[in-house]
Amino acid sequence: MATPSESQDKKAEKLVVIYVPAVTISHLISSVDLGELLAAHSLEVSIVVCGRTDDTAAGSFADGLAAAHPQLSFHLLPYVTRPRDVPAHDYVVQTFELARASNSDLREFLRAASPSPAALVLDFFCGSAVDVGAELGIPSYFFFTSSISGLAELLYHPLIHEQTSISLRHLGGELLHVPGIAPIAVDDLPAAYQDRDSLGNRLFLALSEQMCNSHGLVVNSFRSLEPRATDAIVAGLCTPPGRRTPPPHCIGPVIKSLEEVGANGHECLAWLDAQPEASVVFLCFGSMGRFSAEQTRHVARGLEMSGQRFLWVVRRPPGGEEDDGQKPDAGLAALLPEGFLARTKGKGLVVEAWAPQREVLAHGAVGGFVTHCGWNSVLEAIMGGVPMLAWPMYAEQRMNKVFLVEDLRLAVPLEGYKEIVKDEEVAAKVKWLMESDGGRELRERTRAAMREAKEALSDGGESSTALLELVRLWKM
């Protein structure tokens with residue numbers, strides 16, 4: 001235990017927290033959101049970007065973030081080489097292995113840090129660095145950017161692995177039972193979990209153990225949203241025998257408020273200003289969400305058939321040419337059904353590639369959200385009180401769909417998401433969401449969740465209190 005004079009010295013100096021995000025744009029953005037939150041509590045936050053290669057955009061993107069957020073410091077670790085034995089398309093394994101390749105440089109950075117950091121906060125892709133923190137005597141924490149329910153499944157995943165002798169993908173639609181959350185169909189688990197002997201599955205099994213070896217788990221959610229999952233983790237029900245359960249610190253939603261984001265003059269905001277209250281359905285599928293040209297046309301026909309106002313963010317299909325032979329630079333009109341833009345003019349707006357999602361979901365004209373179920377998007381919808389249609393696409397989004405539909409009851413699914421969602425289903429679900437009694441009940445539940453989220457973030461609220469307790473722990 002520190003002596004009184006040592007405690008006073010520590011309080012007098014600036015306390016440094018090191019955050020190590022994964023080298024992806026979405027995770028870097030999350031690092032800024034968390035960094036600003038910690039900096040507001042008189043902590044000096046250094047964001048150390050690892051796992052960079054000379055062909056990634058993370059360096060220039062981090063430079064832009066550094067310029068926009070002078071209260072945070074950014075450090076780019078040296079480039080690393082992509083692992084040759086990992087397929088380029090295996091995004092998950094690549095991200096894990098690139099982060100691991102930076103551990104020696106991270107170790108040297110931390111050794112040279114003065115004063116010694118009060119805490120090392122790791123993105124889950126950077127879990128192998130928990131050993132670096134232990135070696136240097138720096139308390140290590142994880143920032144889990146998804147749900148408490150997803151964390152419960154991840155901690156429990158080694159037990160699922162032990163209970164089966166074959167790859168989960170061979171179990172089809174069989175339900176898995178994890179303490180604190182609704183039963184999950186095996187094919188709704190992340191792809192990396194599906195193959196028992198894959199490197200991806202082994203990395204997540206290792207991550208579960210790495211988390212148990214940490215000092216705590218900082219989660220971007222709040223207890224009153226996911227009480228069953230939180231209680232199951234705290235009770236140790238999700239942790240394999242022989243492993244300790246690190247304390248969860250539920251501090252979310254960690255997203256910028258509208259005042260912090262600021263108006264940026266995007267055309268869609270002016271268009272929304274002219275629409276009636278809660279009349280527009282917003283469709284947006286994340287930075288990596290791309291549909292085939294065929295699926296894009298099904299969505300377009302479904303929106304037109306629904307008769308509802310819509311704001312739709314469209315990304316071009318993956319690959320080279322469009323499915324119908326059109327070149328990628330042919331324009332949106334070539335991708336959509338003939339005459340669609342003209343027929344829906346005034347009632348709908350199609351935006352290419354990007355829209356300011358946080359501001360859109362906070363706009364009073366938006367009454368529904370068709371989402372890929374990325375957790376940041378879910379939290380932004382909850383903070384805006386906007387009910388959801390769930391259309392998961394990749395990563396943990398299918399699990400999030402289960403939590404949203406079965407546990408939180410804040411969304412209904414588009415059932416064709418595993419293959420193709422037909423125009424008739426798009427039309428029927430969008431119309432149900434915007435016009436039916438069931439849709440209105442869903443909206444009321446989402447608004448109740450919005451009030452709970454704002455209460456959690458208020459002075460004395462559960463998330464604010466959890467954050468204060470975490471900061472107090474680091475300042476001891």
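FYI, it's all coordinate maths here, none of it is from the lab. Just so you know, these numbers come straight off a predicted model, no measurement behind them. So basically every Cβ, Gly included, is an ideal-geometry build from the backbone, and we count neighbours across all protein chains shown.
A few comments on the model shown:
- Rounded if a/c under 1.5, otherwise prolate or oblate - region 81-224, Cα gyration tensor axes: oblate
- Near Leu311, the amide H atoms lying under 5 Å from its own belong to Val281, Phe282, Leu283, Leu349; only residues 5 or more places off or on other chains count, and H is placed 1.01 Å from N.
- Rg then Dmax, both in Å and based on the Cα atoms of region 71-156: 14.4, 40.
- Among 222-230, 438-446, the order from most to least packed when residues are scored by Cβ within 10 Å on average: 222-230, 438-446
- Sequence-separation-based contact order of region 40-141, relative, with Cα cut under 8 Å and 6+ spacing, percent: 23
- Residues whose amide H comes within less than 5 Å of that of Glu396, counting only those at least five positions distant or on another chain, are absent (H built at 1.01 Å from N in the peptide plane).
- Rounded to whole Hz, the Karplus (6.51, -1.76, 1.60) HN-Hα couplings of region 447-456, x for glycine and proline: 5, 5, 5, 4, 5, 5, 5, 5, 5, 4
- Less than 5 angstrom separates the built amide H of Glu352 from those of Val314, all sequence-distant by 5 or more or on a different chain.
- Among Thr95, Thr164, the order by Cβ neighbours within 10 angstrom, fewest to most, reads Thr164, Thr95.
- Subtracting the Cα-Cα distance of Arg243 and Ala134 from 0.36 nm times their residue separation leaves 37.6 nm of extension gain.
- Computed across region 200-299, the Kirkwood radius stands at 18.3 Å (inverse of mean 1/r, all Cα pairs).
- Rg/Rh for region 161-247, where both radii come from Cα atoms and Rh is the Kirkwood radius: 0.97
- Distance histogram in 5 Å bins (all Cα pairs of region 260-455, percent per bin): 1, 8, 17, 21, 22, 17, 9, 4, 1, 0, 0
- Range of Cα positions in region 391-476 per principal axis (Å), largest first: 58, 30, 16
- Ordering Phe109, Phe403 by the number of other Cβ atoms within 10 Å of each residue's own Cβ, fewest first, gives Phe109, Phe403.
- Region 294-442, relative contact order in percent, only Cα pairs under 8 angstrom and at least six apart counted: 28
- 3J(HN,Hα) from dihedral phi, region 401-417, Karplus parametrisation 6.51/-1.76/1.60, rounded to Hz, x for glycine, proline: 4, 4, 4, 5, 7, 8, 8, 7, 6, 10, 8, 10, x, 8, 5, x, 5
- Which of Ser221, Ser306 has the fewest Cβ neighbours within 10 Å, and the rest in rising order: Ser306, Ser221
- Shown in residue order for region 180-195 are the 3J(HN,Hα) couplings computed by the Karplus curve 6.51 cos²θ - 1.76 cosθ + 1.60 at θ = phi - 60°: x, 9, 5, x, 10, 5, 3, 6, 9, 6, x, 4, 5, 7, 6, 9 Hz (x for Gly and Pro).
- For the chain: relative contact order, % (alpha-carbon pairs under 8 angstrom, 6 or more apart): 13
- Spin-label model distance (nm) - Asp85 vs Phe61, 7 Å beyond Cα toward Cβ: 2.8
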